[in-house]
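Q: Pasting a structure below so you can have a look.
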Amino acid sequence: MSLNKVPLIQIFASQQAQTLRDKLCATLRQLIVSGTLPQGERLPSSRLMAADLSLSRVTVEAAYTQLESEGYLVRNIGKGTFVAIALEPPRRVRKMAQPAPLALSSRGKKIVATGGCRDPLYPQAFAAGSPDLRVFPHDIWRRLTAQRLRSPETVMGYGDPQGLPELRQAVARYLAQSRGVRCAAEQVIILTSSQQALQMLAMLLCDVGEKICLEEPGYSGAFNAFVSAGAEISGLELDDRGAKIPDTGRAKLIYLTPSHQYPTGVTMSLSRRLQWLAYANKHDSWLIEDDYDSEFYYDEQPMPALQGLDDNGRVLYLGTFSKALFPSLRLAYLVVPPALVEPFCRMRSVMDGHSAQLMQAVTADFIIHGHFQAHLRLMRKLYASRRNLLLTQLAEKLGDRLRPQSHSGGLQLTVTLPGGGEERLTRAALNAGLILPRLSPLYQGAVREEGWLLGFSALQRAEIINAVDKLARLF
Ligand SMILES: Cc1ncc(COP(=O)(O)O)c(C=O)c1O
């Protein structure tokens, strides 16, 4: 079949690639692989193809050149561009093969069944947990990166699975000063994300079928990591002092967000913290302290970390640069007792080796030269004003239809919906271009509160006002 007989424009329009060149490459690959364009078929000249698809000729030339380098096309000066490869069965419309049943392991099936967790690729009202990337000090970051690249060979080799020593040193100092964490740089492990840390913790410390406790409602990323490791998950009830100690049974791992409970925002009281440490000592358990957004407090400084109260090496402290800097940096840190450092490093070397050296080096410089603290100070001010605006807008336009929860910090405001309708309204909002991250799926048990986690930090003033207007119209 020749190219003018296939709905080229539709296939081109359906491609997900980011650039026009990649979209055209994907279109032509699809047509060649499906046998629609057989070996020897002549493609239209770049001028004609460009006119058909309303592209520039440069774009078409770039796509043809790319596909020639991949072996799909061959170009003959003066003759034209031809399909180079024949795919089986040749020249016939290929019968769709029956897909083989997916032979996933039982672990694989559990992982897929979690549904995974994906964050929106671009900030959008009211996606939760995104920092405002528009106000990041890009110039400083660019300068520090350029400085490091003056001696590129120092950041181009393999690195320490535990993380770049300068960054570990900088993180240890920052955590001691800002969060009361007691650790040496030798106890800090640099990882790609909190998510990677949670998965490694579950796999290293917990056998299949062992019990892990999680706050309820709680962070779905943690839930997914623990389920993937084959753990048996048990929910922890919450009250106004944080996660309650279970009456019965021993859990090997307990996941907690003491500074700012995810998603309710409750701060764990001192007495509850001491009870958890006593529980961990008694049962030989590990407490994971996920301090995911404690940098963002708006009213008063948060309580120091639980880790700082621990004299027996029971707390595994976890933090991320995804919110304090930017998510694509893919850097987080874990503080563990000295005896756990080597097992973690070995596991990291089995997984993916280490995090990118250049980004670790630039992050270390950013902290050491004072830019990190300065950036956080500015973001706290900015995000506090956005939180205040969101609160007043909601009160003004939605009255008591939404009930804001504790909101002393963080990048999102959790609201409950006393009148219900979470699922229906979320669907309607999506049609109106609004993302409303739902509260009820963060529960595992049957008793669920309905509501949303409304991200505000990445939204400018007009965007917040506009989004609340849209939300109000849905009711
Ligand atoms: C409780 C909690 N921990 C960790 C993270 C994410 O951190 P990372 O991007 O490092 O996986 C999030 C992100 O929303 C979170 O809500």
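The values are calculated or read from the model by the stated rules, or taken from the named source; none is laboratory data. This structure is a prediction, so every number in the text was calculated from the model and none was measured. Glycine gets a Cβ as well: all are built from the backbone with ideal geometry, and neighbour counts include every protein chain shown. Surface areas here come from the heavy atoms of the whole protein model, side chains and all, with no ligands, DNA or RNA. Shrake-Rupley method; radii C 1.70, N 1.55, O 1.52, S 1.80 Å.
One line per residue, one yes/no per condition, for (1) buried (at least 23 other Cβ atoms within 10 Å of the Cβ); (2) in contact with a Leu (Cβ under 8 Å, 6 or more places away or on another chain):
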site: Pro246; (1), (2): no, yes
site: Lys282; (1), (2): no, no
site: Asp291; (1), (2): yes, yes
site: Met303; (1), (2): no, yes
site: Leu318; (1), (2): yes, yes
site: Pro327; (1), (2): no, no
site: Glu342; (1), (2): no, no
site: Ser349; (1), (2): no, no
site: Gly353; (1), (2): no, no
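Q: I've got another one for you. Go through the range 137-163 and count every residue that is aromatic (Phe, Trp, Tyr) and either modelled with pLDDT under 95 or outside any loop (DSSP other than H, G, I, E, B) (or both). Break it down stepwise before answering.
A: First, the residues of the range 137-163 that are aromatic (Phe, Trp, Tyr): 141, 158.
In the following step, the residues that additionally are either modelled with pLDDT under 95 or outside any loop (DSSP other than H, G, I, E, B) (or both) were identified as 141.
Selection size over the range 137-163: 1.
Q: OK, next. Would you mind telling me which numbered condition in (1) under 26 Å from Arg473 (Cβ atoms); (2) surrounded by fewer than 17 Cβ atoms within 10 Å (Cβ to Cβ) Pro404 fails?
A: For Pro404, the failing item is (2).
Q: Within the range 126-144, count every residue that is under 17 Å from the mean Cα position of the chain (by Cα) and buried (at least 18 other Cβ atoms within 10 Å of the Cβ).
A: Result for the range 126-144: 7.
Q: So which residues in the range 348-361 are within 16 Å of the ligand (Cβ to nearest atom) and either part of a helix (DSSP H, G or I) or closer than 27 Å to His260 by Cα (or both), if there are any at all?
A: Answer for the range 348-361, where residues must be within 16 Å of the ligand (Cβ to nearest atom) and either part of a helix (DSSP H, G or I) or closer than 27 Å to His260 by Cα (or both): Arg348, Met351, Met359, Gln360.
Q: Give the residues of the range 431-475 that are of a type outside the set (Gly, Ala, Ser), part of a helix (DSSP H, G or I) and open to solvent by 60 Å² or more (accessible area, probe 1.4 Å), sorted by residue number.
A: Within the range 431-475, Asn431, Pro441, Arg461, Glu463, Asn466, Lys470, Arg473 qualify.
Q: Which condition from (1) at pLDDT 95 or above; (2) open to solvent by 10 Å² or more (accessible area, probe 1.4 Å); (3) within 16 Å of the ligand (Cβ to nearest atom) is the one that Tyr383 breaks?
A: The single condition Tyr383 does not satisfy is (2).
Q: Name the residues in the range 26-40 that are under 39 Å from the mean Cα position of the chain (by Cα), buried (at least 18 other Cβ atoms within 10 Å of the Cβ) and among the aliphatic types (A, V, I, L, M), would you?
A: Within the range 26-40, Leu28, Leu31, Ile32 meet the criteria.
Q: Looking at Arg424, Arg377, can you tell me which residue is within 28 Å of Phe223 (Cα to Cα), open to solvent by 40 Å² or more (accessible area, probe 1.4 Å) and modelled with pLDDT of 95 or more?
A: Being within 28 Å of Phe223 (Cα to Cα), open to solvent by 40 Å² or more (accessible area, probe 1.4 Å) and modelled with pLDDT of 95 or more holds for just one of Arg424, Arg377, which is Arg424.
Q: OK, next. Looking at Thr416 and the list (1) closer than 23 Å to Leu121 by Cα; (2) open to solvent by less than 40 Å² (accessible area, probe 1.4 Å); (3) of a type in the set (S, T, N, Q), which single condition is not satisfied?
A: Here Thr416 clears every test but (1).
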